[in-house]
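Quick notes on the structure that follows.
The values are calculated or read from the model by the stated rules, or taken from the named source; none is laboratory data. Fair warning: this is a prediction, and the values are worked out from it, not measured in the lab. A quick note on method: Cβ atoms are made from the backbone with ideal geometry, for glycine too, and the neighbour counts reach across all protein chains shown. Only protein heavy atoms, including side chains, enter the accessible area calculation; ligands, DNA and RNA are left aside. Shrake-Rupley method; radii C 1.70, N 1.55, O 1.52, S 1.80 Å.
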Amino acid sequence: MLDAAVDGSGGESEAPAVDLESLKALAHPLRVRILHVLTTQGPQTSSSLAATLGESTGSTSYHLRQLEAKGFIAEDASIGTGRERWWRRAIAPVEVWTKELADAPEGRAATATVLGAWTQHDSALLAAYVATGEERYEEPILDASRLSSRSVSLRASELHRLTRDVERLIALHLDEAAADTGDESDPVHRIQIQFNAFPID
């Protein structure tokens, strides 16, 4: 599922599948990176994306147009200044691995490109937090964060139940957080939730 993280393990999902033509349009390393930045950091301009990604504004502008044409992103008119367009992610989570896509060589290649680049960028965020988190954040958010990994033996049916239960739990908490007005003494941070479960034998 293509979100702030990508689920490439396959199987049915509540998220709709992206079609082959849209997937092929996304399967460019810079386009994946642009969508990743818009997902993890929020709306950006072509100039801010260029600075973040080390690209020219001409290059980011071109790839923004390609992403817009396939519905991955949209202009955020609520924060536009008239002089510079702001862009936001326009899609909800979508599945980028399905049996239908995997059955086509073009689909397999495009999925591999998207998943490979997306997970690489996710890993970079995790590595940055591990390296500098203690210096950048206060104790409450450090204590609330959690990094864990474990390896177990499960049947496919058990893994399926585990992954879908966790996804539903995450969605429930995010819905509750969206409705919570909170209090100003508990600051809001931009959080990435990484959840991966896949065979290693």
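Entry remark, the stretch 68-77: residues being surrounded by 17 or more Cβ atoms within 10 Å (Cβ to Cβ) and within 18 Å of ALA27 (Cβ to Cβ) number 3 in total.
Considered as a group, the residues in the stretch 140-155 that are part of a helix (DSSP H, G or I) and in contact (Cβ under 8 Å) with a residue 40 or more places away in the chain include one that is most open to solvent (accessible area, probe 1.4 Å), and that residue is PRO140. Of the residues making up the stretch 88-120, those that are farther than 24 Å from GLY42 by Cβ, in a helix (DSSP H, G or I) and in contact (Cβ under 8 Å) with a residue 12 or more places away in the chain number 10.
This table checks each residue for (1) over 23 Å from PRO16 (Cα atoms); (2) at pLDDT below 95; (3) touching a Lys or Arg at 6+ places or on another chain (Cβ under 6 Å).
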site	(1), (2), (3)
VAL32	no, no, no
LEU35	no, no, no
ALA50	yes, no, no
SER56	yes, no, no
GLY80	yes, yes, no
ARG83	yes, yes, no
ALA102	no, yes, yes
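When the stretch 48-67 is examined, which residues are found to be under 24 Å from HIS189 (Cα atoms) and either open to solvent by 50 Å² or more (accessible area, probe 1.4 Å) or hydroxyl-bearing (Ser, Thr, Tyr) (or both)? Those that are under 24 Å from HIS189 (Cα atoms) and either open to solvent by 50 Å² or more (accessible area, probe 1.4 Å) or hydroxyl-bearing (Ser, Thr, Tyr) (or both): SER48, ALA51, THR52.
Return the total of residues in the stretch 69-84 being of a type in the set (Gly, Ala, Ser), in contact (Cβ under 8 Å) with a residue 12 or more places away in the chain and under 12 Å from THR45 (Cα atoms). Total meeting the criteria: 1.
Taking the listed residues THR98, THR39, the one that is open to solvent by 10 Å² or more (accessible area, probe 1.4 Å), in contact with a Lys or Arg (Cβ under 6 Å, 6 or more places away or on another chain) and at pLDDT below 95 is THR39, with no other qualifying.
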